[in-house]
Amino acid sequence: MGKRTGKTIALILSGMLILTSCSSVSGFLSGGYEPIDTSSGTAELPVENMEAARGETKTSAQEAVTSPAETKPLSGSAKAVSGETETSSEETGSGSIRLCFAGDILLSGFVLNAYDATGNAGGILDETLLDAGRNADIFMANEEFPFGTTGTPAENKQYTFRVDPKRISLFSELGLDIVTLANNHILDYGRDPLSETCAALDGAGISYVGAGENLERASALMVLERKGKKIGFLAASHVYPESGWSASADTSGVFSAYDPADLLKKVRDSESQCDFTVVYLHWGTERKTEPDRYETELAHSLIDAGADLVVGSHPHVLQKIEFYKNKPIAYSLGNYLFGSSIPQTELLCVDVQEDNMARVSVIPAGGSNGKTISTGKETSVTSD
């Protein structure tokens, strides 16, 4: 059933993080952000004292390589490009569908040390957040790094991230069903780690959007079916260091939102392929607590084109949730798992009703020393 007719409206204890920077990153990972120049639209946060921030000794790529972890593919993963879906036998029935969204995830030294200290995801998320992600029909987040062991750090970039693919099991343990790769770090070590990332996610049964082997894959609509309803996902980035990061017909990269024409067309085309369309964008200005004007204009255009929900990341801080034509826009969810300090974040919960209308709620949270915990009860968000 298309939207036009249907709406009235994982476990490895060993391994090292390879997290390298052209300069160092304690200020960034600790939450000690500094003002930045955003005139170019691609500004990066200044960072310092990388080795201390990681909480790890320096390890070469070759030293950190071990055999990939064995992971069980999650049920309900889907194939992209033409809206082809794959549904488990458990995904039948009626009722609302719960979608959960987290902001930026970086498996930094702080996060991995916290995980390894307990040997499970309880070391990095409390029970409330773990249960929310695992029990959601679909759980999505921004993967702010590539999984890889190859490549070299990008030149003239203040900080670069890379994580050994064996750590993909941690994503499975969190209950992630889909991630966006459309951001300003996925090519930190070049295109080979992007290929490694896609292979690792495929092997774990985790879907991805926003980047890929070419523009067709990077821009593809991913459709996940739950309880007989098709939920479509698109992702794009309005932030990356140079134009060469964008995917082309024969080059891997990210789906660009600098010129939104292609993204808007993808949203319009999704009308006939799914019942509810989610667009996850990497955009805005780091540490700014209000969206930039272009974000509001783009979000409204996406909803006018047929999007049912717009979610954002990149500022590393929380921004407002607004409703436009009764459709929610969460401009920035902040950092979910990142460095040593997360003063404030939230898990966005969206219950898609049978009429495809969305009920929105949030679970407030904060973090320190690599672990994020809930700081209050789940609270409804309305347009009033």
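The values are calculated or read from the model by the stated rules, or taken from the named source; none is laboratory data. Note that this is a predicted model, so its numbers are computed, not measured. Ideal geometry is used to build each Cβ from the backbone, glycine not excepted, and the neighbour counts take in all protein chains shown.
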Q: Please enumerate the residues belonging to segment 275-312 that are aromatic (F, W, Y) and buried (at least 17 other Cβ atoms within 10 Å of the Cβ).
A: F276, Y280, W283
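Yes/no matrix, rows are residues, columns are (1) buried (at least 24 other Cβ atoms within 10 Å of the Cβ); (2) among the hydrophobic types (A, V, I, L, M, F, W, C); (3) in contact with an Asp or Glu (Cβ under 8 Å, 6 or more places away or on another chain); (4) in a loop (DSSP other than H, G, I, E, B):
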site	(1), (2), (3), (4)
V111	yes, yes, no, no
T150	no, no, yes, yes
E155	no, no, no, yes
L170	yes, yes, no, no
N184	no, no, yes, yes
Q: Being out of contact with any Phe, Trp or Tyr (no Cβ under 9 Å at 6 or more places or on another chain) and among the basic types (K, R) is the filter; apply it to segment 126-165 and report the residue that is modelled with the highest pLDDT.
A: R134
Q. Only one of these conditions is not met by P328: (1) in a loop (DSSP other than H, G, I, E, B); (2) modelled with pLDDT of 95 or more. Which number is it?
A. (1)
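Every residue, every condition in (1) assigned to a strand (DSSP E or B); (2) at pLDDT below 95; (3) closer than 20 Å to I178 by Cα; (4) touching a Cys at 6+ places or on another chain (Cβ under 6 Å), yes or no:
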{"site": "E297", "(1), (2), (3), (4)": "no, no, no, no"}
{"site": "F323", "(1), (2), (3), (4)": "yes, no, no, no"}
{"site": "G339", "(1), (2), (3), (4)": "no, yes, no, no"}
{"site": "Q344", "(1), (2), (3), (4)": "yes, no, no, no"}
{"site": "V350", "(1), (2), (3), (4)": "yes, no, yes, no"}
{"site": "R359", "(1), (2), (3), (4)": "yes, no, no, no"}
{"site": "G366", "(1), (2), (3), (4)": "yes, no, no, no"}
{"site": "G376", "(1), (2), (3), (4)": "no, no, no, no"}
Q: For segment 321-353, name all the residues that are in contact with a Leu (Cβ under 9 Å, 6 or more places away or on another chain) and either of a type in the set (V, I, T) or closer than 19 Å to S96 by Cβ (or both).
A: I321, K327, P328, I329, A330, T345, L347, L348, C349, V350, D351, V352
Q: Determine the pairs where a residue that is within 21 Å of I178 (Cβ to Cβ) and modelled with pLDDT under 95, located within segment 256-280, has a partner that is of a type in the set (F, W, Y) and part of a strand (DSSP E or B) with Cβ atoms under 6 Å apart, the partner being 6 or more residues away or on another chain.
A: none
Q. Within the group V223, V239, which residue is closer than 20 Å to D177 by Cα and either under 20 Å from the mean Cα position of the chain (by Cα) or not β-branched (V, I, T) (or both)?
A. V223
**Q.** Those residues of segment 299-321 which are of a type in the set (S, T, N, Q) and outside any strand (DSSP E or B), in sequence order
**A.** S301, Q319
